[in-house]
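What follows is a structure written as structure tokens; I'll ask about it next.
The values are calculated or read from the model by the stated rules, or taken from the named source; none is laboratory data. No experiment lies behind these values; they were computed from the predicted model shown. Neighbour counts run over all protein chains shown; Cβ positions are idealised from the backbone, glycine included. Note: areas computed on protein heavy atoms with side chains; ligands, DNA, RNA excluded. Shrake-Rupley method; radii C 1.70, N 1.55, O 1.52, S 1.80 Å.
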Amino acid sequence: MRSSIYLSYAAFVLVGIGAAVGGVLLPAQIDDYGVDKALIGLGFFTNSAGFLLAGLTNGVLIERLGLRLALVAGSGVFVLAAVVTAARPSFWVLIAAQGFCGYGVGVLESVLNVHLAALPDAATLLNRLHAFFGVGALAGPAIAALTLGYAPWTAVWWGLAVATALLGVAFYATFPKRVVPEKEEKEGGLLPTALRNKYVLLASVFLTVYLGVEIGVGNWAYSYLREVNLETHLIAGYAVSGYWAGLTAGRFVISPVAGRLGLTPARTSLWCCVGVAASTVLIWLGVVPVAGFVLLGFFLGPLFPTTMAILPELLPARLVPTAIGVLNGGSVIGGSLLPWTAGALGQGVGMQALMPFALTLALVQLAVWYYLSAPSLAPRTK
């Protein structure tokens, strides 16, 4: 399994690069197609729709194709969409292709989460997996900017297509066929059963709120520091970079340290939720706000992957792939709706509303995690 774990990490670096290059390429695409920001932004909606669809079909895909072929299929869909994008199609084909990109990435993310969630020490593995997404996201803008210095924007997509094609070949050569029992008592369809399960619903609410905090703060922290704390352009920029670096570091550091201290993944995340709320209060009170953003990112880091890691303890094995897909795909709702709400509050009330809003979400997050992980938090009896 070791080679499949390393390949999973490499895949998430590539996914992170792909997610981060878009912002750098947007101005070049706007100039090339002669459209405005609102029209080019339609690609975000189609991409999110494809990502959500991938999450909803993840369990059926794994059950019918097996782990290996599901990854190959996801890679193939993304490669096809990337080639179409790189060929500089008509504008509306470009927008449609982003839906297929979202579906391919959604399949890769969901299946790799399922794979690592089934292995020993899943919490640490999943935290590292998502930390490597952060590594790719940090590198992506620099790669895109460097490429635009000597080639058109389509060159970046050709690079993504080639890299993902090689990844698909590696998946086929490395990964096992399945990670869930093929013969198990079946009660109803996978998706309807998952959507009726209280743990899946609680985890979905938790990740919706989590993404609202992560992306909402990440998107609006710069404006908050400039308008409320009156920080300089440079310090505000460093603080936002520190926030994302802290999030990546938290995924690398917290889970292994907690394991050495004897803390379970569920209890570790409970304390991380407390840390998120405390960091938000520090920022709101103006106590070292820059360091507060770094701490906030650090404590947020493990929450998403650890949620995936505890699902096998709470659900029947056959339901886990579908549940992880639902959580992974559905997370885009919180990642779009709640940051928009934060921006609307900033526009109507002022950016000083950001931290009370974030604290409210942090407390909801803490309460939902407590109820979600109650079986894992309970003392073990012999």
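Which of the helices (runs of 4 or more DSSP H) found entirely inside the stretch 1-89 contain at least 1 residues meeting this: of a type in the set (D, E)?
In the stretch 1-89, 2-33, 42-86 are the helices (runs of 4 or more DSSP H) which contain 1 or more residues that are of a type in the set (D, E).
Tell me, which residue of the stretch 61-70 that is open to solvent by 60 Å² or more (accessible area, probe 1.4 Å) and of a type outside the set (D, E, K, R) is nearest to L319 (Cα to Cα)?
Looking at the filtered set, the residue picked out is L65.
Can you name the residue in the stretch 43-60 that is of a type in the set (G, A, S) and open to solvent by 40 Å² or more (accessible area, probe 1.4 Å) and, of all such residues, is farthest from the chain's Cα centre (by Cα)?
Once the filter is applied, the top-ranked residue is A49.
Conditions (1) among the acidic types (D, E); (2) open to solvent by 10 Å² or more (accessible area, probe 1.4 Å); (3) assigned to a helix (DSSP H, G or I); (4) modelled with pLDDT of 90 or more, marked per residue:
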residue: Y103; (1), (2), (3), (4): no, yes, yes, yes
residue: S110; (1), (2), (3), (4): no, no, yes, yes
residue: L116; (1), (2), (3), (4): no, no, yes, yes
residue: G140; (1), (2), (3), (4): no, no, yes, no
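Please go through the stretch 79-93 and give me each residue that is closer than 14 Å to G50 by Cβ and open to solvent by less than 20 Å² (accessible area, probe 1.4 Å), ordered by number.
Those that are closer than 14 Å to G50 by Cβ and open to solvent by less than 20 Å² (accessible area, probe 1.4 Å): A81, A82, T85.
Here is a further query. Using the structure shown, decide if T307 is modelled with pLDDT of 90 or more and in contact with a Ser or Thr (Cβ under 9 Å, 6 or more places away or on another chain).
yes
I would also like to ask the following. Quick one: would you say L116 is farther than 13 Å from S8 by Cα and touching a helix residue (DSSP H, G or I) at 6+ places or on another chain (Cβ under 8 Å)?
no
Kindly establish whether L125 is free of Cβ contacts under 8 Å to residues at least 24 places away in the same chain and either in a helix (DSSP H, G or I) or within 15 Å of the chain's Cα centre (by Cα) (or both).
Judged against the criteria, L125 is not a match.
Restricting the stretch 311-368 to residues that are under 15 Å from V209 (Cβ atoms) and hydroxyl-bearing (S, T, Y), which is least open to solvent (accessible area, probe 1.4 Å)?
S331
Another question, if that's okay. Taking T322, is it β-branched (V, I, T) and touching a residue at least 12 places away in the same chain (Cβ under 8 Å)?
yes
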